[in-house]
Amino acid sequence: MLPPVMKKTITDNPKKLANLIDLVNLPSTLREFTGQSQISRLGCFMRVWSYIKDNNLQDPNNKNVVNCDEKLRSVLLGKPQVELSELPTLIKLHFPKEPK
Amino acid sequence: MGKIPPSLRSSVSTSIIKKPQSLIPNESPSHKPHHFPKKPARKIPPQLSEKTQEPTAFRNPFSSPNISDAKKVFTSIVAATKSPLDLRVHNALLQSYAAISTVNDSISLFNHMIKTHPAFSPDRSTYHVLLSQSCKAGDETLGSVHQVLNFMLTNGFSPDKVTTDIAVRSLCSAGNVDLAVELVKQMAMKNAAPDSYTYNFLVKCLCKSRSVSSVYEFIESMKSSLNLKPDLVTYTILIDNVTNRENLREATKLVEMLAEEGFKPDCYIYNTIMKGFCKLNLGKEAVDVFKKMKEEGVEPDLVTYNTLIFGLSKCGRIMEAKKYLGVMVEMGHFPDAVTYTSLMNGMCRKGDVLGAMELLEEMQAQGCQPNVCTYNTLLHGLCKSKLLEKGLELYGLMKECTMKLDTASYATLVRALCREGRVADAYEVFDYAVESKSVTDVAAYTTLEGTLKWLKKAREQVVPGEATRLHVGR
C-alpha cells in the first residue's frame, strides 16, 4: 500500500511520476558514466549522488559544494564545481521532456 | 527505545516554570499501549484457535510441489521420528505441503498419510486445512471448495459453522468477498449456517470494498433468508464504516436504528461515534458524546479518553484536552504514549513546541516510554518552530535507534535544513530516509527536489543581505 500522500501525487499527476521512474535510453555520455544503456531519472540521481559520496568529492570546507572529478564533469556540463542544491536540475537536463 | 538526553530536555524547558506533577500517580503503568478503536478485541472469534497455525518459524520440509517427492518426504519424516506423530504434526505437515501444491495433490498426500500411517486419524481440523487451501485456490466457481466439502462428507464429517467460518475467512483474505457471500448462502442450506462472528466478519469485509447500500442489501438478505439479525457488533462496524466515509447523517440514522432495535449503545459504539466527530474536527460534538456516555452510565475506557484528547488536540482545544487528561487520571486510567502524543501534536500545531517538550519530560517521569509517533511529532514541531538545532539532536537520537521518519517530519526537516543553507545535511537526511525505508525513494526524492527548487527561488528573490545567509551555509 502506498502512503496517502504518494497516492495523491500519482493520481494528481501520473505524468510527473512517470518521467521520474520510467527508464530512458541514455545518451553516450551518461551511458559511459552509469555503465547502463537505460536508467530512470531517479536512478540516475541516486547513481551520481552515491558516486559523489563514494569518491569523497564534497569540498571538505563546504560540504554543500562538490568538486567534480573528470568522470563526474562529463555528466554535469563540464563544470569543475557544482552546488549540491543544483544537482537535481543538472541531472534533469539529460532527461528532456518527451515531445507530445 | 532511547531516552531523551538530559541536555535536550533541560535546555528546552529552562525558561518555563515547572508545573507541579501531582496530576498523575507515580506508578509506572504496566499495560500495553492501546490505540484507537479500530479493532475492538471482542470481534475476534473463538473459532480461530481451531485453525492450525502456519509453521512460519520453521523451514517448509516440502521443497517441491511434486506429489511423489512429497510422499517420500513424509515417509522419511515418519522414519526419522522415534515418538509417534500426533495429529498436530500431521496437520502441520499437510498445511506445509498445501502451501505449495494444488488441492488434488494435497488430497493425494492426505490419502497417502492414512494408508501408510494407520495411527493417523484425521479429525475436522485436518479437513479444514484442506478447505482453507481450496478457498485460496481462487477459482471462480467454488469447484475445489465443494470438492473438499464433499470429501469431508464422504469421510463422515458434515460441515458445521466452524467450517463455514474458515471458508469465509480464507475466501475473504484471498480477496473473494463475492464468493464468500455465495458460499454462506449455500452452506446455510447444508445445515451449516454462519454464526454471528462469521456474519460480522463478512459485514466488515463488505464494508471495506462495497458501497453502503450494497452492505445493507446483504444484511437484508441475511435477515430474510437466514433470520440473522445485526447485533451490537454489526452496528459498531457499520457506524465505523460510515464515519470513516465522513457520512455523519448516516451514522446518526444508524444510532437511531440501534435504539429502535432495542440495543443499548456500549462503550465501543460511543468510541466509534466519537472517533467520527474527531475525524471531522468537531470537538464540541465529541465532548457531547462523552457527556452522553456519562449520562447513560456507560463507563468511558482508555480508548474513549485517548480519542477525546486526540480530537480536542486536533481542533486546537488544548486546555480542554489537558483537563480531560486530569479527569482520566482521576478515574484511574493511565495515560499512554497515544494520549501524550496526541496532546503534543496539538501543542505543536499551536506553535507551543516547548510545552510539548516539557510534556515529554513529564511523560517519561511517569514511566511512559515515547514511541516513534511521539518522536516524529516532536521533530516536526521543532523544525516548524525554527528550533533546528534541537530538532537535529532529536533526529540524531532517532537515527541511533533506527526509528523511521514519517512523511511530514522528513519533509519539514529537509526544508528547515535547506532554509539554513545546509544542503549537504539535507542530503544526509534524504539518505537516511531512503536507507531506513521511512518513505519510498520516489517520495523522498520528490520532496528533496521540490525543496531545492523552492530554495533556488527563495535565493533569487531575497534581498542581497539576506542572500548571503542562504548561500554561505556551513
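The values are calculated or read from the model by the stated rules, or taken from the named source; none is laboratory data. Predicted model only: the values in this text are computed from it and were never measured. Backbone-built Cβ (ideal geometry, glycine too); neighbour counts: all protein chains shown. Ligands, DNA and RNA are stripped out before the accessible areas are found, and what is left, the full protein with its side chains, is counted by its heavy atoms. Shrake-Rupley method; radii C 1.70, N 1.55, O 1.52, S 1.80 Å.
Odds and ends about this structure:
- Listed peptides B:232-245, A:71-84 by packing density, highest first (mean Cβ within 10 Å): B:232-245, A:71-84
- Distance between the modelled labels on residue B:386 and residue B:217, one decimal in nanometres: 5.8 nm (7 Å Cα→Cβ projection).
- Pairs from the table (B:404/B:453; B:323/B:386; A:71/A:92; A:92/B:456) lying more than 21 angstrom apart at Cα are B:404/B:453; B:323/B:386.
- Per-residue mean of C-beta atoms belonging to partner chains within 10 Å, peptide A:51-62: 1
- Nitroxide proxy distance, nm - points 7 Å out along Cα→Cβ at residue B:260 and residue A:79: 7.0
- Per residue of peptide A:87-93, the mean number of Cβ atoms on other chains within 10 Å of the residue Cβ is 3.
- Taken residue by residue and averaged, Cβ atoms of other chains lying within 10 Å of the Cβ of B:441-450 number 5.
- The stretch B:417-459: trypsin sites (Lys or Arg not before Pro) in DSSP loop, at most 11 other beta carbons within 10 Å: B:437
- For the stretch B:121-128, putting each phi into the Karplus relation 6.51 cos²θ - 1.76 cosθ + 1.60 with θ = phi - 60° gives couplings of 10, x, 10, 3, 5, 5, 5, 5 Hz, in residue order, rounded to whole numbers and with x for Gly and Pro.
- In order through the stretch A:44-53: 3J(HN,Hα) via Karplus (6.51 cos²θ - 1.76 cosθ + 1.60), integer Hz, x for Gly, Pro: 5, 4, 4, 5, 5, 5, 6, 4, 4, 5
- By average C-beta atoms within 10 angstrom, highest first, the peptides B:330-341, B:74-85, B:210-221: B:330-341, B:210-221, B:74-85
- Cβ-Cβ FRET estimate between residue B:64 and residue B:116, R0 fixed at 25 Å, reported to 0.05: 0.85
- Inter-probe distance in nm under a simple model that places probes 7 Å from Cα toward Cβ, at residue B:141 and residue B:76: 3.9
- For residue A:82, the amide hydrogen comes within under 5 Å of the amide hydrogens of A:66, A:68, counting only partners 5 or more places away or on other chains and with H modelled in the peptide plane.
- Among A:66, A:18, A:42 - extreme Cα towards positive end, dipole of the stretch A:4-92, charges at beta-carbon: A:18
- Modelled label reach - residue B:196, point 7 Å along Cα→Cβ, the stretch B:219-241 residues with backbone N closer than 14 Å: B:228-237
- Surface share of carbon and sulfur [accessible, 1.4 angstrom probe, percent] for the stretch A:4-92: 51
- Packing around the peptides A:17-27, B:284-294, taken as the average count of other Cβ atoms within 10 Å per residue, puts them in this order, highest first: B:284-294, A:17-27.
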